[in-house]
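Working notes, beginning with the structure itself.
The values are calculated or read from the model by the stated rules, or taken from the named source; none is laboratory data. The model shown is predicted, which means the values in this text are computed figures rather than measured ones. Methodologically, a virtual Cβ is constructed for each residue, glycine included, from the backbone with ideal geometry; neighbour enumeration extends over all protein chains shown. When the accessible area is computed, the model is the full protein with side chains, heavy atoms only, and any ligands, DNA or RNA have been set aside. Shrake-Rupley method; radii C 1.70, N 1.55, O 1.52, S 1.80 Å.
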Amino acid sequence: MPKAAVAAAAVAGPSNAFATMMSSAAENQAWKEAEADFHGKSGSGSGGKGGQRGGGKRERRKAPFFKVMQGMPIAVDAFRYGKIPGVTAYLLTHAHADHYTNLSASWKNGPIYCSEATANLIKHMLRVDPKWVHPLPLDVPTVLPNTGGVEVTLIEANHCPGSTLFLFDGLQTVNAGDSEFHSSWVGSSKRFRYLHCGDFRASPRHAEHPAVKGKRLDLVYLDTTYLDPKYCFPPQKMVIDACAALAKRIVMGVNDVNAQEQVRPKLSSMNGWFKKPASMIDGKGKGKEVAREKGRTLVVVGTYKVGKERVVRAIAESLSSKIYCQGAQRAIVKCQDDPELQSMITSDPLEASVHMVPLGIIQVDRMETYLGTFKGAFTKLVGFRPTGWTYTPPAGVDLNPSIAQIISRDQARTFTSASLQPARGSTAKITLYGVPYSEHSSFFELTSFALSIEWVKMIATVNVGSESSRAKMQKWFEKWDGERKRKSVVIVPRTPDYW
Ligand SMILES: [Zn+2]
């Protein structure tokens, strides 16, 4: 579609809320352009350094429309495209590789704005020149320089350390970026509010945030990683508590009150299985005194370089243990702006009965080797592998539920230590648990979030590579919108942390 036609489509039918932002025809066109990037047809093909082609013409890869905030000179998580036309502020939601692709020591395309922890992490891990890195405070609206006065508020994302949502509030002043779509609101006096979710695990706290609650959000750039009803894993808090209770039961022989009923038949054999040093049973043993005892159980928890630390932390707290991890990981924890976690970290593996290791090595053979390196200090190992990806819904789950069904189904669900079962391949010495722990929203949480905030239009940012996937997600956006308008469903959060 020629530019003029796209612009005309964007303003057609001003009474239609969708049309005020971007008509569906214009959006389809913009997605078509974006596909060229996903399939490597535009610019650099397979992503040469700094968004440049490896040899020859050095053509820059084009940024898809949703990487640049509509009508604003602001790009989010868009470092792989090099210098994007018209963009004066590059924002980073969090320090995960798929969001900072191509950001490196040689970055020189403009100022980078992010949270304090993310700023520390990219300076440390990527050696980005500090002169480009501008940490912003959480929860306080801050004007971004050279953006026509756009204010941004950083909101904790409930994803990984340092991760944030961005709430933008301002005028549309420029059609920046590579897209053919040009907003007709540029130059108007209408203020726009966009919520960019980066990667997040939606919680009632997001909907209740003063920058969000009761505010009309013209565009929501949504983390649609799990926007499919088959992703119905339990609330993160329940999963963390279950892991902590199970670790405590195994290591210290302390029962989890919540799970007691369900586990009673197994409990006697469990107690016989695991040896309990006296100092652990009374719960007073801490640090080196406990660590030097013979016949101890080592708890090993997988994490990302940045992310999934909550399980290891909760387990260590429940066992009153320090956390050991290797030097490179300790340096990363140091960046995270979390003095409490940092105070739990030790460089002595024998001082801690809880170890933090890369997620990928939580496998029976790797753990056997790992346990072998502490021969004499630890005799058994319990491993936790927190991942949301491998979770399979219970048999008989309706995969095309109504919104009322989604809510009642998920709100009735519980998760305790009894829900955790040893993974196949576990041995007498090595017991591993796969944990349905996610740092992205479940389908139910996305639904709850969408029904709890005031939005005009959702734009998916994940799983957008194919038209059929986008169409499926669009159906849910429409379902949510219809449900919101009918107001027939009210979602009451179970706690401030989860719906
Ligand atoms: Zn992430």
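Please state which one of LEU432, LEU446 is within 16 Å of the ligand (Cβ to nearest atom), touching a residue at least 40 places away in the same chain (Cβ under 8 Å) and open to solvent by less than 20 Å² (accessible area, probe 1.4 Å).
Among LEU432, LEU446, only LEU446 is within 16 Å of the ligand (Cβ to nearest atom), touching a residue at least 40 places away in the same chain (Cβ under 8 Å) and open to solvent by less than 20 Å² (accessible area, probe 1.4 Å).
Looking only at residues in region 200-224 that are part of a loop (DSSP other than H, G, I, E, B) and open to solvent by less than 10 Å² (accessible area, probe 1.4 Å), which one is farthest from the ligand (Cβ to nearest atom)?
Initially, region 200-224 is screened for residues part of a loop (DSSP other than H, G, I, E, B), giving 200-203, 209-215, 223-224.
If we keep only those that are open to solvent by less than 10 Å² (accessible area, probe 1.4 Å) too, we end up with 200-203, 212, 223-224.
Details: PHE200: 9, ARG201: 10, ALA202: 14, SER203: 16, VAL212: 20, ASP223: 8, THR224: 13 Å.
Filtering region 200-224 for residues that are part of a loop (DSSP other than H, G, I, E, B) and open to solvent by less than 10 Å² (accessible area, probe 1.4 Å), the one farthest from the ligand (Cβ to nearest atom) comes out as VAL212.
How many residues, within region 451-468, are closer than 13 Å to TYR226 by Cβ and not in a loop (DSSP other than H, G, I, E, B)?
Qualifying residue count, region 451-468: 1.
For region 435-443, state whether one or more residues are farther than 30 Å from ALA25 by Cα and more than 16 Å from the ligand (Cβ to nearest atom).
Yes, region 435-443 has at least one match.
Going through region 479-499 one residue at a time, which ones are in a helix (DSSP H, G or I) and exposed (fewer than 12 other Cβ atoms within 10 Å of the Cβ)? If you could, list the steps in order and put the result at the bottom.
Within region 479-499, the first condition is being in a helix (DSSP H, G or I), and the residues that meet it are 479-486.
Correct list: GLY482, LYS485, ARG486.
Of all the helices (runs of 4 or more DSSP H) wholly in region 330-422, which have at least 3 residues that are closer than 22 Å to GLU317 by Cα and without any contact (Cβ under 8 Å) to a residue 24 or more places away in the chain?
Helices (runs of 4 or more DSSP H) meeting the threshold: 339-344.
Kindly indicate the residue of region 68-97 that is among the charged types (D, E, K, R) and within 16 Å of the ligand (Cβ to nearest atom) and also nearest to MET458 (Cα to Cα) among those meeting that condition.
ASP77
Scan CYS243, CYS197, CYS232 and give me the residue that is in contact with a Ser or Thr (Cβ under 9 Å, 6 or more places away or on another chain) and modelled with pLDDT under 95. Don't jump to the end; show me each part of the working.
Working: CYS243 fails: modelled with pLDDT under 95; CYS197 fails: modelled with pLDDT under 95.
It is CYS232.
When you scan region 152-166, do you find a residue that is modelled with pLDDT of 95 or more, within 16 Å of the ligand (Cβ to nearest atom) and β-branched (Val, Ile, Thr), even just one? Please lay out each step first, then the result.
So the first thing to find is which residues in region 152-166 are modelled with pLDDT of 95 or more, and the list is 152-166.
From what is left, the residues that are within 16 Å of the ligand (Cβ to nearest atom) are 154-166.
Next, only the ones that are β-branched (Val, Ile, Thr) stay: 155, 164.
Yes, some residue in region 152-166 is modelled with pLDDT of 95 or more, within 16 Å of the ligand (Cβ to nearest atom) and β-branched (Val, Ile, Thr).
What do you reckon, is LEU126 within 16 Å of the ligand (Cβ to nearest atom), over 18 Å from the mean Cα position of the chain (by Cα) and either farther than 30 Å from ASP497 by Cβ or touching a residue at least 24 places away in the same chain (Cβ under 8 Å) (or both)?
Spelling it out, LEU126 is indeed within 16 Å of the ligand (Cβ to nearest atom), over 18 Å from the mean Cα position of the chain (by Cα) and either farther than 30 Å from ASP497 by Cβ or touching a residue at least 24 places away in the same chain (Cβ under 8 Å) (or both).
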